[in-house]
Amino acid sequence: MRLVSSKVEAGKVTAAQLQQGLQSAADALSAVYGAACKAHPQLKGHLRGTFQIEADGTPRMFMERGSEFTPSEGKSVADDFVGATFGGKWKFPRIGGDLMLTVDYELEPGS
């Protein structure tokens, strides 16, 4: 898995805070993806969406947009990632203000 792109849409964050938060999200996504690959070994695609992060680093929203998965059953990765997000499985560092961020993670077998 790799981060293809990220863009701060609103708010302020340091490069170090952004890196730490994106890595935390990637770690949670990697765990979800690994579990999904057990059922679908060739699962690949992109998870794309927008996060709203609160000042304390807690994700408050993830709006998926434009994600693509092959095979289509891979859509469960997005659903499971949302569950991990709101289940407290990852967090941004304290950032001092609200943040809106768009991301694109690429998922590939063996990554």
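The values are calculated or read from the model by the stated rules, or taken from the named source; none is laboratory data. Note that the coordinates shown come from a computational prediction; the quantities given were computed from them, not determined experimentally. Note that each Cβ is placed from the backbone with ideal geometry, even for glycine, and that neighbours are counted across all protein chains shown. Accessible surface is based on the protein model in full, side chains and every heavy atom, while ligands, DNA and RNA are left aside. Shrake-Rupley method; radii C 1.70, N 1.55, O 1.52, S 1.80 Å.
Out of these labelled values of Rg and Dmax of the Cα atoms in Å, (i) 15.1, 51; (ii) 15.1, 47; (iii) 13.4, 41, which was calculated from the coordinates shown here? Of the listed options (i) 15.1, 51; (ii) 15.1, 47; (iii) 13.4, 41, (iii) comes from this structure. Charged side chains reduced to their Cβ positions (Lys and Arg at +1, Asp and Glu at -1) give the chain a dipole of some 160 debye around its Cα centre.
Each stretch of four or more DSSP H residues adds -39500 (n - 2.57); spread over every residue of the chain, this sum gives -11000 deg cm²/dmol at 222 nm.
Accessible area per residue for the chain, computed on protein heavy atoms with a 1.4 Å probe, is 52 Å². Computed from the Cβ-Cβ distance with R0 of 22 Å, the FRET efficiency linking Ala35 to Thr58 stands at 0.40. Apolar share of the accessible surface for the chain: 50 percent from carbon plus sulfur atoms, 1.4 Å probe.
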